[in-house]
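Visitor: Let me give you the structure first, and then I'll get to my questions.
The values are calculated or read from the model by the stated rules, or taken from the named source; none is laboratory data. All values derive from a computational prediction rather than experimental measurement. Positions of Cβ are generated from backbone atoms using ideal geometry, with glycine treated the same way; all protein chains shown enter the neighbour counts. What goes into the accessible areas is simple: the full protein's heavy atoms, side chains included, and nothing from ligands, DNA or RNA. Shrake-Rupley method; radii C 1.70, N 1.55, O 1.52, S 1.80 Å.
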Amino acid sequence: MARALPRLNSTATAIMASATSATKETVLDGAHFQMKNRNARVLVLGGTGRVGGSTAVALSKLCPDLQIVVGSRNREKGAAMVSTLGKNSEFAEVNIYNEGSLLMALRDVDLVVHAAGPFQQAPKCTVLEAAIETKTAYIDVCDDTIYSQRAKSFKDRAIAANIPAITTGGIYPGVSNVMAAELVRVARNESKGEPERLRFSYYTAGTGGAGPTILATSFLLLGEEVVAYNKGEEITLEPYSGMLSVDFGKGIGRKDVFLLNLPEVRSAREVLGVPTVSARFGTAPFFWNWGMVTMQRLFPAEYLRDRSKVQQLVQLFDPVVRAFDGIAGERVSMRVDLECTDGRNTVGIFSHRRLSVSVGTAIAAFVLAVLEGATQPGVWFPEEPEGIAIEAREVLLKRASQGTINFVMNKAPWMVETEPKELGLGIYI
């Protein structure tokens, strides 16, 4: 049985202790991290991949005394990652599709990060089930609606096992969910109106340095109808349709973004109670967006939902995409817009020069929050107060935004846009 809960429970009452607390602490950019949890053992599944590797590196920098276990099927890459991380790391050969392998890897860790995507079309939540069985705290970086809802169905089992678990705990979704929750909370506290429209907009140059996994994810999402909400009603739309030109502020500027079926749309609608919600994504160079539109129209949805066929497409396109990645860079930006019935409009923007770095920092922020006791037993979305306690959100966002070129919250659009202008009349979600 893993060691997570005795340690996490014993410190839960001292999560937000002040600097004068008798508990010895270290300060990470103004946030207090309990010394008692500094030597926790964290298993990163997919630890030799772009996302998992970035997470392991970020954790080693944020808290050098953490014991990091790099989980992967590739021993050679695992050894290289351990060499990079240093003495407080080790490699564990893990196959997430083999129950025995999973249970053995989880036997003696405090928390597991599931970064072994893609999550689209995955038939089971095998890692979450193993985490519940071994009583190990859990975070995944899922970006798939069906998978995240399946994970949520394990909430009662996680509560019974007394383990905290967060699904969709990456950068987007993940940090973007927390940004949305804070925009809504502040609006309800300060505005006379009610939140009525929430829009997530994401931009990544090329693959953002995240490699073939994000390419596979993008292709698989093209096979899914987009679920959005308009005045409380669920509607379905074509993937990569509904283009909007969105100003992401300094360092990024205006970019075209397109509708995709992303899990934060449904979770934000259910948790935050905003009646109109949608999510869009765009990339660069601009012709990649054209290519995505063409692919959605050219290939049948059934083809794009087949993981094996999509992997063949990834192998075909990956060399070309990598070549252009060197030109496009890997800047990433998230913009969350909230409109209220009284005319109040506020935005949050998060922009970074390197997605391959910022994604790991974002996930590491969730890891530290769970280790500090900010998550209750159960399976939660990041915007749920049981997932990330309201009083812990500011610390999480501060950690996640380290290294950003632009991070703002609760500002009027004209204050952050590079080309501020009024939107034209029309119906949009």
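Visitor: With just the Cα atoms of segment 312-414, tell me how far they stretch along each of the three principal axes, in Å, largest first.
Guide: Principal-axis extents of the Cα atoms in segment 312-414, largest first: 44, 38, 27 Å.
Visitor: For 234, 386, write out the residues from largest to smallest accessible area, computed with a 1.4 angstrom probe and no ligands counted.
Guide: Numbers: 234 115, 386 55 Å².
Correct descending sequence by accessible area is 234, 386.
Visitor: Mind grabbing the accessible area of residue 124 for me, 1.4 Å probe, Å², rounded to tens?
Guide: Its accessible surface works out to 130 Å², give or take rounding.
Visitor: Here's a follow-up. Roughly how many debye, to the nearest 20, is the charge dipole of the chain about its Cα centre, given +1 on each Lys and Arg Cβ, -1 on each Asp and Glu Cβ, and no other charges?
Guide: On the way: 46 positive and 45 negative charges, 172 e Å.
Rounded to the nearest 20 debye, it is 820 debye.
Visitor: Ranked highest first by average number of other Cβ atoms within 10 Å, how do 264-271, 93-100 line up? Working shown, then result.
Guide: Working: 264-271: 22.8, 93-100: 15.4.
Top of the packing list down: 264-271, 93-100.
Visitor: If I build a Gaussian network model for the chain, linking alpha-carbon pairs within less than 10 angstrom, which residue out of 156, 247, 110 has the largest mean-square fluctuation?
Guide: Maximum fluctuation in the GNM of the chain, among the listed residues, is at 156.
Visitor: How high is the relative contact order of segment 128-170, in percent, with contacts defined as C-alpha pairs under 8 Å that are six or more residues apart? Intermediate results must be reported in sequence, preceding the final value.
Guide: Values: 46 pairs, mean separation 23.7, N = 43.
This gives 55 percent for segment 128-170.
Visitor: I would also like to ask the following. Please state the charge dipole magnitude for segment 221-356, taken about the Cα centre, from unit charges on C-beta atoms (+1 on K and R, -1 on D and E), reported in debye and rounded to the nearest 20.
Guide: Details: 17 positive and 17 negative charges, 104 e Å.
Computed about the Cα centre, the dipole is about 500 debye.
Visitor: At 1.4 Å probe size, with the rest of the protein present, what percent of the exposed accessible area of segment 226-344 is carbon and sulfur atoms? Intermediate results must be reported in sequence, preceding the final value.
Guide: On the way: 3030 of 5480 Å².
So the carbon and sulfur contribution to the accessible surface is 55 percent.
Visitor: Using +1 at the Cβ of each Lys and Arg and -1 at the Cβ of each Asp and Glu in the chain, identify which of 103, 70, 340 lies farthest towards the dipole's positive end.
Guide: 70
Visitor: Could you identify which residue out of 173, 275, 164 has the top mean-square fluctuation in a GNM of the chain using Cα springs shorter than 10 Å?
Guide: Judging by the Gaussian network model, the answer is 275.
Visitor: Continuing with the same structure: Rule-of-thumb check for the chain: C-alpha Rg over 2.2 N^0.38 Å?
Guide: On the way: Rg = 20.5 Å, N = 429, 2.2 N^0.38 = 22.0 Å.
Here the Cα radius of gyration is 0.93 times the empirical estimate.
Visitor: Could you give me D for segment 246-334, from Stokes-Einstein at 20 °C and 1.002 mPa s, where the hydrodynamic radius is the Kirkwood radius over C-alpha pairs? Units µm² s⁻¹, please. Intermediate results must be reported in sequence, preceding the final value.
Guide: Details: Rh = 15.4 Å.
Here the translational diffusion coefficient equals 139 µm²/s.
Visitor: Take every DSSP beta bridge with both residues inside the chain and express the antiparallel ones as a percent of the total, to the nearest 5.
Guide: Working: 38 of 72 bridges.
DSSP beta bridges in the chain are roughly 55 percent antiparallel.
Visitor: Also, quick follow-up: Could you sort out which of 135/155; 61/87; 77/309; 192/250; 61/398 sit more than 19 Å apart by Cα distance in this structure? It would help to have the intermediate numbers written out before the result.
Guide: Working: 135/155 13 Å; 61/87 13 Å; 77/309 26 Å; 192/250 31 Å; 61/398 15 Å.
Among 135/155; 61/87; 77/309; 192/250; 61/398, the Cα-Cα distance tops 19 Å for 77/309; 192/250.
Visitor: At a probe size of 1.4 Å, how large is the accessible area of residue 309, to the nearest 10 Å²?
Guide: Rounded to the nearest 10, the figure is 70 Å².
Visitor: Hey, what's segment 310-425 come to in accessible area per residue, 1.4 Å probe, Å²?
Guide: On the way: 4900 Å² over 116 residues.
That works out to 42 Å² for each residue.
Visitor: Counting alpha carbon pairs within less than 8 Å and at least 6 residues apart, what relative contact order, in whole percent, applies to segment 323-406?
Guide: Working: 92 pairs, mean separation 24.8, N = 84.
This gives 30 percent for segment 323-406.
Visitor: So which residue, out of 108, 318, 342, gets the largest mean-square fluctuation from a GNM of the chain using Cα contacts under 10 Å as springs?
Guide: 342
Visitor: Ok, one more. In whole percent, what relative contact order does the chain give with Cα contacts below 8 Å and a gap of six or more residues? List each step's numbers first, then the result.
Guide: On the way: 964 pairs, mean separation 86.3, N = 429.
Worked out over the chain, it gives 20 percent.
Visitor: Another one. What's the FRET efficiency of residue 97 with residue 302 using the Cβ-Cβ distance as r and R₀ = 22 Å, to the nearest 0.05?
Guide: Values: r = 23 Å, r/R0 = 1.06.
Here the calculated transfer efficiency is 0.40.
Visitor: Right, another one. Please give the calculated 222 nm ellipticity per residue for the chain, where each DSSP H segment of at least 4 residues contributes -39500 (n - 2.57) and the sum is spread over every residue; nearest 500 deg cm²/dmol? List each step's numbers first, then the result.
Guide: On the way: 16 runs with 171 residues, N = 429.
Helices in the chain give a 222 nm mean residue ellipticity of -12000 deg cm²/dmol.
Visitor: At 7 Å along Cα-to-Cβ for each site, give me the label-to-label distance between residue 230 and residue 411 in nm.
Guide: That separation, rounded to one decimal, is 3.2 nm.
Visitor: Then there's this: If one computes the Cα centroid of segment 136-158 and of segment 228-306, what distance in Å separates the two points?
Guide: Result: 22 Å between the Cα centres.
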